[in-house]
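*Asks:* The structure that follows is given in the form of structure tokens.
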């Protein structure tokens, strides 16, 4: 019997954090929900981080994933941008972990390669493949599509991660 697992993918960002939830049963993937958390940009950094934490906490409580996956950040915009994004990423990793979920972390290139077949795919290619793999998925944002791609990547790699951890 093949186990079913519910996975939440998170694409962290301080302005927009994409999230997506899928069910994985063997090789079969099913869309559950997706969206974007958007902390008010006029708020202080600490308040924006609280907004992300509370939003992710509410989503985990509502959709009850068993596992989560977060994209590792790659920033080419300078140290300040990297530091700010790193804080949002910390919230994205910590919140599901604090709620008892196993959290996988994946590079952007691995996510793209897992979903599209090449590590240098663009946003449109990712969106097309997410729609192909999850035909019932409804998203209006590349952030939500990216989060679903992260969840798909985790579904494809989770057994290898479990074997590596138990070895």
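*Asks:* Neighbouring Cβ atoms within 10 Å as the yardstick, rank 154, 51 fewest first.
*Replies:* Ordered from fewest to most neighbouring Cβ atoms within 10 Å, 154, 51 come out as 51, 154.
*Asks:* Over segment 1-107, how many percent of alpha carbon pairs lie in each 10 Å bin up to the one with the longest distance?
*Replies:* Computed distribution, short to long bins: 15, 47, 28, 8, 1, 0.
*Asks:* Now for a different question. For each of 95, 140, count neighbouring Cβ atoms within 10 Å of the residue's Cβ, then give the residues from fewest to most.
*Replies:* 140, 95
*Asks:* How far, in nm, would the chain grow between residue 118 and residue 30 when pulled straight, counting 0.36 nm per residue and subtracting the alpha carbon separation?
*Replies:* 29.4 nm
*Asks:* With a cut-off of 8 Å between alpha carbons and a minimum separation of six or more residues, what is the relative contact order of segment 4-166 in percent?
*Replies:* On the way: 305 pairs, mean separation 51.0, N = 163.
Result for segment 4-166 is 31 percent.
*Asks:* Here is a follow-up. If you take the square roots of the eigenvalues of the alpha-carbon gyration tensor of segment 21-167 and sort them as a ≥ b ≥ c, do you get rounded (a/c under 1.5), prolate (a/b over b/c) or oblate? Please report the intermediate quantities before stating the final value.
*Replies:* Values: a/c = 1.41, a/b = 1.29, b/c = 1.09.
In terms of gyration-tensor shape, rounded.
*Asks:* Moving on. Counting helices only, and only those DSSP H runs with n ≥ 4, report the 222 nm mean residue ellipticity of the chain as the sum of -39,500 (n - 2.57) divided by its residues, in deg cm²/dmol to the nearest 500.
*Replies:* -16500 deg cm²/dmol
*Asks:* Would you kindly state how much longer the chain becomes between residue 62 and residue 38 on full extension, computed as 0.36 nm times their sequence separation minus their alpha carbon distance, in nm to one decimal?
*Replies:* 6.8 nm
*Asks:* I want to check the label-to-label distance for residue 131 and residue 54. Put each point 7 Å from Cα in the C-beta direction and report it in nm to one decimal.
*Replies:* Taking the two extended label points, one gets 3.5 nm.
*Asks:* If neighbour count is taken as other Cβ atoms inside 10 Å, put 62, 54, 71, 23 in order from fewest to most.
*Replies:* Lowest count first: 62, 54, 23, 71.
Quick note: the coordinates plus some simple rules give every number you see, no bench work behind them. Computed from a prediction, not measured in an experiment: that's the story for all the values here. So basically every Cβ, Gly included, is an ideal-geometry build from the backbone, and we count neighbours across all protein chains shown.
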